Amino acid sequence: MLSRSSFTSLVVGVFAVYVAHTCWVMYGIVYTRPCAAAAAAGAAGGCVWPYLARRPKLQLSVYTTTRSSIGAESNIDLVLNVEDFDIESKFERTVNVSVPKKTRNNGTLYAYVFLHHAGILPWHDGKQVHVVSPLTTYMVPKPEEINLLTGESTTQQIEAEKQTNALDEPVSHWRSRLTLNVMVEDFVFDGSSLPADVHRYMKMVQLGKTVHYLPILFIDQLSNRVKDLMVINRSTTELPLTVSYDKISLGKLRFWIHMQDAVYSLQQFGFSEKDADEVKGIFVDTNLYFLALTFFVAAFHLLFDFLAFKNDISFWKKKRSMTGMSTKAVLWRCFSTVVIFLFLLDEQTSVLVLIPAGIGALIELWKVKKALKMTIKWQGLIPKFQFGTYNDSEKKTEEYDAQAMKYLSYLLYPLCIGGAVYSLLNVKYKSWYSWLINSFVNGVYAFGFLFMLPQLFVNYKMKSVAHLPWKAFTYKAFNTFIDDIFAFIITMPTSHRLACFRDDVVFLVYLYQRWLYPVDKNRVNEYGECYEEKTKKKAHRE
């Protein structure tokens, strides 16, 4: 059997190998060996040259059609035509697109983007390149929110949809943005080792004795965000479409292709459009350098999460005494964690946030069982709960705990009730259940840190912190500060974001108490054991 220190070292070692491997893979994505390196090895004849190096005069055309493939110019509409297209110049234009009847009846509309020689129709140009992207997607409309007392609605959009669609059925939504890129580097590829990710976007032509690749046109699907989607009503005849263009480097293009493939894979594994959108936001709304930093931060967050989980479970599994531990704080953490999980579930938050919250709720329920010394015996299908007894030191801790909660209730309960009444009068919700969960969670987020005060009060009365799980606390402290960074990256409710910063203050107070009350070897530790007693036992055995 591996010791705990050996197991931790093994986990850290595996983590270091994982980070090193990921860095090597990322380097392989961003860096592409040019043909000049292959030429030095005697493979000069296998180079693939950029057609853009000839500086052709190009034109950009965007068409729409309900067909997924076209062979002629019939049944298509031209929505944007950019003559004298300059691949180096960034632009953004908004056009109105006619919505066919088929699309209004939950059909699909496609955008065909052509890059071709100026003055020639795309289907008459043998050196044209084109890409296809759907301008519609299917999603379940967001339920409308109403004032629960007056029944007043905030939007009319869902009201129109009620005539034709049930709220639990997916309907066509309009993608209001179309982001285009062209790889502008005059990069010479080695024909014998073309990157597979870029190869599928390349179109080759033979010009004399050399092979050229035509301009690489790319549609940035990561920029299609849920927040930009619009429900398509049957009465809608025109919708706005913002077409934006920017040049892109080869390294970023390859990285973006891999990220799009990763998001697509998530959807194939059952992630919804909204869940995939949270991942998109990490890449689109974040600077690439900051994104690289985020990767390392996320990797360390995962490591600390695992170590905190391991030490927390180990602490509670071996714990035999609740001396010095606030039972009220344990109960509150359990209640608040379950409420937060239900709130995130009601808000349809990303599974990136939802899954860890659900696991945390289960762990807190198990802690309550340990703290209350609860055993469950089944009499047929009926569970019977039995609770253990407390010793004198545990009863003293309970007195301090009850005293702290008494003072705290004078402040906490009026604030929570007042906040719930205010939100009922002024804020609109989907249902009474939504209001109830939001009221609970607002109390948890706004004043939840007050329920951590009983443990601080118990520490103060006992003048000791030896009973706390400091290893787990240390890892959780690191993760708390890491959460501060994630609060600006991952989409989450504002109240959940503010709660991340609230925890920083609590950990700082715990650290102050750790410094204020040095370890006393005569006191019991977190497992209900005393250091000097253990020494005496060892001496007696000898």
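A few notes on this one:
- Note on segment 379-410: residues that are of a type outside the set (D, E, K, R) and either assigned to a loop (DSSP other than H, G, I, E, B) or farther than 16 Å from residue 329 by Cβ (or both) amount to 14.
- Condition check for residue 376: part of a helix (DSSP H, G or I) and surrounded by fewer than 17 Cβ atoms within 10 Å (Cβ to Cβ): no
- The set of residues from segment 306-318 being of a type outside the set (A, V, I, L, M, F, W, C) and buried (at least 18 other Cβ atoms within 10 Å of the Cβ) comprises 311, 312.
- Of the residues contained in segment 77-92, none is found to be at pLDDT below 90 and assigned to a loop (DSSP other than H, G, I, E, B).
- Residue 476 modelled with pLDDT of 70 or more, basic (Lys, Arg) and in the same structural domain as residue 323 (by the TED database): no
- In segment 23-38, the qualifying residues are those that are open to solvent by less than 40 Å² (accessible area, probe 1.4 Å) and modelled with pLDDT under 80, and the one that is nearest to residue 311 (Cα to Cα) is 29.
- Any hit, segment 73-91, residues being within 18 Å of residue 219 (Cβ to Cβ), in contact (Cβ under 8 Å) with a residue 24 or more places away in the chain and open to solvent by 80 Å² or more (accessible area, probe 1.4 Å): yes
- Odd one out for residue 107 among (1) farther than 23 Å from residue 242 by Cβ; (2) in a loop (DSSP other than H, G, I, E, B); (3) modelled with pLDDT under 90: (1)
- Flag: residue 137 matches the condition of being of a type in the set (Val, Ile, Thr), open to solvent by less than 30 Å² (accessible area, probe 1.4 Å) and at pLDDT below 90.
- Neighbours by Cβ (under 7 Å, 6+ apart or cross-chain): first from segment 387-416, over 20 Å from residue 459 (Cβ atoms); second in a helix (DSSP H, G or I) and open to solvent by 70 Å² or more (accessible area, probe 1.4 Å): none
- Residue 336 vs. criteria open to solvent by 10 Å² or more (accessible area, probe 1.4 Å) and in contact with a Lys or Arg (Cβ under 9 Å, 6 or more places away or on another chain): no
Matching residues to (1) under 26 Å from residue 342 (Cβ atoms); (2) open to solvent by 90 Å² or more (accessible area, probe 1.4 Å); (3) outside the structural domain of residue 338 (by the TED database); (4) modelled with pLDDT of 75 or more:
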position	(1), (2), (3), (4)
383	yes, no, no, yes
407	no, yes, no, yes
428	yes, no, no, no
446	yes, no, no, no
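The values are calculated or read from the model by the stated rules, or taken from the named source; none is laboratory data. Everything quoted here is computed from the prediction, not taken from an experiment. We place every Cβ from the backbone using ideal geometry, glycine too, and count neighbours over all the protein chains shown. Surface accessibility is based on the protein's heavy atoms, side chains included, excluding ligands, DNA and RNA. Shrake-Rupley method; radii C 1.70, N 1.55, O 1.52, S 1.80 Å.
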